[in-house]
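Written out below as structure tokens is the structure these notes cover.
The values are calculated or read from the model by the stated rules, or taken from the named source; none is laboratory data. This structure is a prediction, so every number in the text was calculated from the model and none was measured. So basically every Cβ, Gly included, is an ideal-geometry build from the backbone, and we count neighbours across all protein chains shown. Keep in mind that these areas ignore ligands, DNA and RNA; they rest on the heavy atoms of the full protein, side chains included. Shrake-Rupley method; radii C 1.70, N 1.55, O 1.52, S 1.80 Å.
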Amino acid sequence: MSHTITLNGKIINILRPNIHFAALEKYKADREELKFADCLFLTQNKNVLTYQIATNSCIIRITDLTDQQIPYPLAINLYPLKHELSDSTVLEIPDCTFGVLQTRNDPQRPRYIKNSDLQTNVVKLGNDKTNLVYFEKIQYYTSMLDHSIKTMKPDIPENALNYGWNSDVLYKIARTLEFTNWTRNPFLYALSENEIHKEITANKLLQNIHQFGYVYRKGIDKEYHSTKVAIPVAIFEKEINKHKITVLLTGAKTY
């Protein structure tokens with residue numbers, strides 16, 4: 001037996017190209033530091049299901065109206081997926097995995113069931129088997145965007161043009177925010193590896209920054225003194241077919 005949830009495969013397909021897969025990192029320490037970046041986070045508030053990824057360069061959140069009900073906040077590892085998902089994609093959670101979810105989310109969970117940052121159980125998403133990842137701080141990862149916006153010291157968007165953003169990341173974000181990306185425009189697909197097209201698209205995207213400012217993080221200067229580091233942050237927002245898309249792009253790590 002298993003529990004099934006129908007997800008919006010279009011949204012997942014749009015998010016996947018933006019992911020920096022931690023599994024591809026050469027060193028174990030880097031893979032551990034970025035382990036959340038492989039994941040699709042699913043959270044729900046009433047009939048609004050939120051799909052979110054958080055990599056080392058951006059956070060992207062897309063909302064979707066749904067009649068489905070996810071039982072708990074979920075983190076799904078997208079790295080093992082080999083196929084493009086269908087528009088309506090079924091997530092299949094075996095009973096044994098669902099039982100672990102229930103136990104881990106039980107407020108009366110016994111003390112002998114230890115907390116762990118990372119445990120996995122096999123699930124099926126579309127045609128591929130993958131894993132549910134149990135992050136103890138899953139709410140932290142899903143609230144990073146809200147926290148960054150709340151703590152951001154605003155600046156005028158025009159000043160963002162003076163910062164050297166990663167053009168490849170900008171291009172991927174632009175494709176996420178374009179309506180044609182939802183309709184699979186073959187012309188755009190053919191241009192996807194054209195460097196001039198990438199640069200033009202990235203430059204156009206910067207003209208549509210919704211908010212710009214700086215988030216401050218603790219750091220160490222050259223003399224090993226504690227200091228604050230100003231991280232430039234650009235926010236993009238768009239609504240497509242009742243799907244609200246919010247993107248946070250940063251010049252440094254978002255965590």
Descending Cα extents along the principal axes, the range 38-172, whole Å: 52, 37, 27
Calculated diffusion of the chain, Stokes-Einstein form, Kirkwood radius summed over Cα pairs, 4 °C and 1.567 mPa s, µm²/s: 66
Amide H partners (placed H, <5 Å) of I240, local residues excluded: I245
Longest exposed-site-free window of the chain, the sites being GluC sites (Glu not before Pro) in a DSSP loop that have at most 15 other C-beta atoms within 10 Å: 1-83
Accessible area of the chain belonging to carbon and sulfur atoms, whole % at 1.4 Å probe: 50
Angle in degrees between helix 167-177 and the longest Cα principal axis of the chain, rounded to the nearest 10: 60
GNM result for the chain, Cα springs below 10 Å: residue of P154, P110, P73 fluctuating most strongly: P110
Inter-label distance for K238 and D146, nm, one decimal - labels placed 7 Å from Cα along Cα-to-Cβ: 2.5
Solvent-accessible surface (1.4 angstrom probe) belonging to K10, in square angstrom, nearest 10: 80
Under 5 Å, built H, 5+ apart or other chain: amide partners of L7: T89, V90, L91
Rg(Cα) / (2.2 N^0.38 Å) computed for the range 37-104, rounded to two decimals: 1.18
All-pairs Cα distance distribution in the range 125-184, expressed in whole percent, bin size 10 Å: 15, 23, 42, 17, 4
Cα-based helix-to-principal-axis angle, 95-105 vs the chain, degrees rounded to 10: 70
Most mobile listed residue (C58, C39, C96) in the chain, GNM with C-alpha springs under 10 Å: C96
Candidates Y216, Y51, Y27, ranked by Gaussian network fluctuation over the chain, Cα under 10 Å, top entry: Y27
Heavy-atom SASA rank of T151, T250, T4 (probe 1.4 Å, accessible area, largest first): T4, T151, T250
Cα-based radius of gyration of the range 1-114 once divided by 2.2 N^0.38 Å, which approximates compact folds: 1.15
Inter-label distance for R111 and N47, nm, one decimal - labels placed 7 Å from Cα along Cα-to-Cβ: 4.5
Whole-number accessible area per residue in Å² for the range 26-135, which is evaluated in the context of all protein chains at 1.4 Å: 53
Computed over the range 1-149: relative contact order in percent, which uses C-alpha pairs under 8 Å that are six or more apart: 25
The range 1-50: translational diffusion in µm²/s, Stokes-Einstein, Kirkwood Rh over Cα pairs, 20 °C, 1.002 mPa s: 164
Computed E for Y79/N159 - FRET, C-beta separation, R0 41 angstrom, nearest 0.05: 0.70
